[in-house]
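What follows is a set of notes on a single structure, which appears directly below.
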Amino acid sequence: MAGTDFSLSGKKVWVAGHRGMVGSAMVRRLASEDCEVLTVGRDSVDLRRQDAVERWMRDKRPDVVVIAAAKVGGILANSTLPSDFLYDNLVIETNIIHGAHLYGVSKLLFLGSSCIYPRLAAQPMAEDALLTGPLEPTNEWYAIAKIAGIKLCQAYRQQHGCDFISAMPTNLFGPGDNFDVQAGHVVAGLIIKAHQAKVNGSPSMELWGTGTPLREFLHVGDLADALVFLLKHYSDAPHINVGTGTEHTIRQLAETIGKVVGFTGEFRFDTSKPDGSPRKLMDNSRLHALGWRAHTSLEEGLREAYAWYLANHSHP
Ligand code: GDP
């Protein structure tokens, strides 16, 4: 039931995908809980290999599993690598969820994203908008895999009584993001471009698409906090949206990034690149009713992301 309390005290919590932006934020957040965090590198366990995953789970016996491992990417990567996004995500989540059932995991949290909803879903998008219409073509491969993950959690709950839950965050950003213009999401892409334009003294920087799509941006530290909250206080079949409730156009995002980075030039729009969904605003009422809200402002979060980029990447 929603509201049922689950204690992390003394538990072994496996964060699958701990090197990614979400997994690393989760490891940082769990440091202030009374639990033991388990991680394993890709070099020792390839999560796409069922035997390797099951052997590791049988040996380590985690009590709690957070599936932050996934093949992720921005609009360009997602639309140009369809088999990677579909196959890798399906097989990773299937291996871990089935292993969690086999080895008696008492709580599992599966992560997806707002792209599970139909392209033209009514806004804001409530959890029950799932499977009510066609998906956005630029990320349908990822979306299909993530919808299958939600259904796997529900199926194991229904058939075997497993306490497996799912959370669907909106567009994420923050420390540990993939700062790669081609493969990354918009926040990382625009931070790099604004920084390079500033350093090179360029009069303008390029944005993909028209700048008019609306997105909701959640700082990954807030997400990790929400996930710990859900592990402790949520136990039910429906997935839960995790967002801020505030949306911005891509142009507004670029303006705020310009301010944070110190880029004062113009924006050029490359309309040969896709816009993707016109709008993706989450309805966060279920999460709010449970008692959790985001607290980091966009500008504050962007300052942290830019500082992380400066500290962790070589640049011109
Ligand atoms: P989406 O939310 O799945 O569409 O993923 P993205 O974060 O990759 O893109 C969000 C929006 O930002 C889309 O409308 C993109 O066209 C737009 N955008 C503008 N400039 C960039 C950029 O440099 N990189 C990325 N990834 N998106 C950009």
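Observations on the structure shown:
- A single entry from S285, S277, S297, S272 fulfils the requirement of being within 16 Å of the ligand (Cβ to nearest atom) and surrounded by fewer than 16 Cβ atoms within 10 Å (Cβ to Cβ): S272.
- Residue in the stretch 23-46 that is of a type outside the set (K, R), surrounded by fewer than 16 Cβ atoms within 10 Å (Cβ to Cβ), at pLDDT below 95 and closer than 30 Å to L207 by Cα present: no
- Reported count of residues in the stretch 197-231, each being within 15 Å of the ligand (Cβ to nearest atom), closer than 22 Å to T296 by Cα, among the charged types (D, E, K, R) and outside any loop (DSSP other than H, G, I, E, B), is 1.
- Test for Y142: is it over 20 Å from L287 (Cα atoms), touching a residue at least 24 places away in the same chain (Cβ under 8 Å) and buried (at least 23 other Cβ atoms within 10 Å of the Cβ): yes
- Scanning the stretch 248-299 for residues that are closer than 15 Å to H185 by Cα, of a type in the set (D, E, K, R) and part of a loop (DSSP other than H, G, I, E, B) gives K273, D275, K280.
- Residue list for the stretch 151-179, restricted to those being touching a residue at least 24 places away in the same chain (Cβ under 8 Å) and under 17 Å from V105 (Cα atoms): L152, C153, Q154, Y156, R157, Q158, H160, C162, D163, F164, I165, S166
- Residue within the stretch 174-182 that is under 17 Å from S277 (Cβ atoms), in contact with a strand residue (DSSP E or B) (Cβ under 6 Å, 6 or more places away or on another chain) and within 16 Å of the ligand (Cβ to nearest atom) present: no
- A237 being modelled with pLDDT of 95 or more, out of contact with any Asp or Glu (no Cβ under 9 Å at 6 or more places or on another chain) and more than 16 Å from the ligand (Cβ to nearest atom): yes
- Taking helices (runs of 4 or more DSSP H) as the structural unit, those lying wholly within the stretch 26-136 and holding at least 3 residues that are away from the ligand (no atom under 16 Å from the Cβ) and in contact with a helix residue (DSSP H, G or I) (Cβ under 6 Å, 6 or more places away or on another chain) correspond to 50-60, 89-102.
- Selection count where residues are in contact with a helix residue (DSSP H, G or I) (Cβ under 8 Å, 6 or more places away or on another chain), among the small types (G, A, S) and at negative phi, scope the stretch 188-229: 7
- Residue in the stretch 143-157 that is within 16 Å of the ligand (Cβ to nearest atom) and in contact with a Cys (Cβ under 6 Å, 6 or more places away or on another chain) present: yes
- With respect to the conditions (1) closer than 22 Å to L223 by Cβ; (2) modelled with pLDDT of 95 or more; (3) surrounded by fewer than 21 Cβ atoms within 10 Å (Cβ to Cβ), F164 falls short on a single one, namely (3).
- Scanning the stretch 256-274 turns up no residue that is closer than 27 Å to V37 by Cβ and in contact (Cβ under 8 Å) with a residue 60 or more places away in the chain.
The values are calculated or read from the model by the stated rules, or taken from the named source; none is laboratory data. For clarity, every value in this text was computed on a predicted model and none was experimentally measured. Positions of Cβ are backbone-derived with ideal geometry, glycine not excepted, and every protein chain shown enters the neighbour counts.
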